[in-house]
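Taken together, the values in this text are just the output of simple stated rules run on the coordinates, not laboratory data. Because the structure is predicted, anything quoted here is derived from the model rather than measured. Glycine gets a Cβ as well: all are built from the backbone with ideal geometry, and neighbour counts include every protein chain shown.
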Amino acid sequence: MKGNKKIPAIIPARGGSRRLPRKNILPFCGHPLIAWSIEQAKHCKYVDDVWVTTDDDEIAAISAEYGARVIRRPDWPKPDELSALMPTLHAIGEIRNEYDFDVHTVPLPTDPVWHPWDYDREFERFFSIAEKNPKMTQVSPYCKK
C-alpha cells in the first residue's frame, strides 16, 4: 500500500482567469473556492502535505491561511495558454528539494464537491493498480470506475 514515503497533494492555482476573474478566491459556501480543495486534501488519510503552486499573492496568502504550503511559480510567458502540467512539474521539483516521494495527487482548486473519502477511494484504487504498473506516479481524482 502506501509505504513509508510522504505523499503530497499539489494544487495548481493561478491568479488569472479569462471566463471568471479571480475564481480561485471567490467565496463559495463561506470560504474561498480554493480552500475547499485544500481542506479536502488535508483530510485525506493518504496525503501528508498539501502544496499550492501559484503566481498570485492573494492565492498564496489564502492557501497558507488554510494550512497549505505555498510554492511560488516563475513568471512564465503566456500563462493563459499553460495547462496545469508545467506548474505541477515545477512544484514536483521544488518539493523534491525538501523530500523524496513516489506518488502525488493533483486536486484542482475549482472542484469543491470532492470529499476526503473520495480521495481515499481513488488512492486505494490507484494502489491496487500501481502494484501491477510500478511506473504510475499520479493519483487523479477524476478516474471513473
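Here are the numbers for this structure:
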item: Calculated FRET value between ASP57 and LEU20, using beta carbons and R₀ = 22 Å, to 0.05; result: 0.70
item: Whole-Å distance, taken between Cα centres, linking the stretch 75-116 and the stretch 1-62; result: 10
item: Loop-located trypsin sites (Lys or Arg not before Pro) in the stretch 1-84, at most 15 other Cβ atoms within 10 Å (DSSP); result: LYS2, LYS5, ARG18, ARG19, ARG22, LYS45
item: 222 nm mean residue ellipticity, helices alone, for the chain (DSSP H n ≥ 4; -39,500 (n - 2.57); rounded to 500); result: -9500 deg cm²/dmol
item: FRET efficiency for ARG121 and LYS5, using Cβ-Cβ distance with R0 set to 22 Å, rounded to 0.05; result: 0.60
item: Which listed pairs, of LYS6/LYS132; LYS78/LYS132; LYS42/LYS132, have C-alpha distances above 31 Å, in listed order; result: LYS78/LYS132
item: Förster-model FRET efficiency, 22 Å R0, LEU85 and ALA64, C-beta, rounded to 0.05; result: 0.35
item: Exposed-site-free run, longest, the chain (rule: chymotrypsin sites (Phe, Trp or Tyr not before Pro); DSSP loop; at most 13 other C-beta within 10 Å); result: 1-98
